[in-house]
Amino acid sequence: MNLPFFLAKRYLFSKKKHSSINIMSMISLVGVAVGAMALVVVLSVYNGFDSYIRSMYSTFDPELKITPAEGKYFSYDEALNHRLHSVKGVQSVSRTIEENALVKYADKQQVVTIKGVDSSYQHVVGIDSMLAVGRFDLTKGDINQASVGLMIAQSLGVGVNFMNPLYLYLPNPSAQDAASPDALIQSYVFPSSVFETNLEYDMKYVFVPIRVLDTIFHFTNETSALELKIKPGANLTEVYAAVKSELGPAFVVKDRFMQNEVLFRIMKSEKWIIYLILSLILIVASFNIIGSLSMLMLDKTEDVKILRSMGASPKLLERTFFLSGWLISIVGAAVGVVLGLLVSLAQQHFKLVKLYTEGNFVLDAYPVQIQPLDLLYVFVTVVGIGFFAARYPISTLKKSVS
């Protein structure tokens, strides 16, 4: 067995002359373990929130979205359709148009975003999984229907029936004067469903058949965006690159991350800011290691003299005490990571810590997602901090044994 490690292990776990040294060492170990456990739990909770929010947006946002580099609309003709379907991995393409509008239901009104979608839209996004009431049927023969966001439905008191229509007021592109009576074009649809995904979209969107907007704006194949679904098993990164290369600089292609880039970047940065803050707390806790190691060296002064007389080199003694201090971090990190993993698993399966106790909320408990790489990051961080904490007291030992 390695002699410095053998001596370090005995010095760390054996009974000392002064019980305060044992207490100090135990406090140091517990402090490191608690810090490591907190890091694992916090990172797992952030992973849970990140995964949940991504799932919410993934049901609404397409895997790929194409918009014009300049202007608001572009033409989706047969040539462009052929170019997109020639890209390996593209399964479905949906033509969509978005326009701000005033909607009125009974005696209530609200400004929303009208999203006109074609029949392929249901194959591009998971709209059916978002429905709270009704079915996503936007046409019934010649009758135009709508799917309304939950918050809009609650604000306007929208009911899913064929009794009261939802009136749409959109800007007239041919109107010369914004204050003239013909500045707005009126249309109407009958609400057929209410969807629920996240607060941002629930209070913003109303889905209607794209033919409603085609009629109002006299469009034939104009579109504000094309939304794509890729084939199962296809690599999204490769399909994104192929679509971008095929269309060239006249179009902007975005994946789901790019469509909500600011949100996802903020979430990711928040996670690592918390990681750094807790790491700073661990650095403060590591001062206990410096104290306990200093006291251990004072307690073992006679042992140092004996070992020196037996021919032990100063370097061997330095390594012995350094390992004694570093073992506190290693053991504490291992215990903390295991405890953090157990706490995270308990929260994941039993939902011990609730978000709220009353009311209807999307999440009733803190979500948790454990990522093995995070466990490695935590262990390496804690052990690294302990390495530098154990190095500091050794400088005083060098002076005494040289």
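What to note about this one:
- Selection within segment 297-314 - surrounded by 18 or more Cβ atoms within 10 Å (Cβ to Cβ) and not in a helix (DSSP H, G or I): Lys300, Ala312
- Unique residue being buried (at least 16 other Cβ atoms within 10 Å of the Cβ), on the phi > 0 side of the Ramachandran plot, touching a residue at least 60 places away in the same chain (Cβ under 8 Å) and not aromatic (Phe, Trp, Tyr) when the list is Gly116, Gly89: Gly89
- Any hit, segment 285-296, residues being outside any helix (DSSP H, G or I) and farther than 30 Å from Ala365 by Cα: yes
- Of the residues making up segment 222-271, just one is assigned by TED's automatic domain parsing to the domain that holds Leu43 and among the hydroxyl-bearing types (Ser, Thr, Tyr), namely Ser269.
- Segment 322-341 residues that are outside the structural domain of Leu278 (by TED's automatic domain parsing) and farther than 11 Å from Ile289 by Cα, paired with ones that are of a type in the set (Val, Ile, Thr) and buried (at least 21 other Cβ atoms within 10 Å of the Cβ) (beta carbon under 7 Å, 6 or more apart): none
- Residue that is nearest to Val93 (Cα to Cα) [pool: residues in segment 224-262 that are among the acidic types (Asp, Glu) and surrounded by fewer than 14 Cβ atoms within 10 Å (Cβ to Cβ)]: Glu238
The values are calculated or read from the model by the stated rules, or taken from the named source; none is laboratory data. For clarity, every value in this text was computed on a predicted model and none was experimentally measured. As a convention, Cβ positions derive from the backbone with ideal geometry for all residues, glycine included, and neighbour counts pool all protein chains shown.
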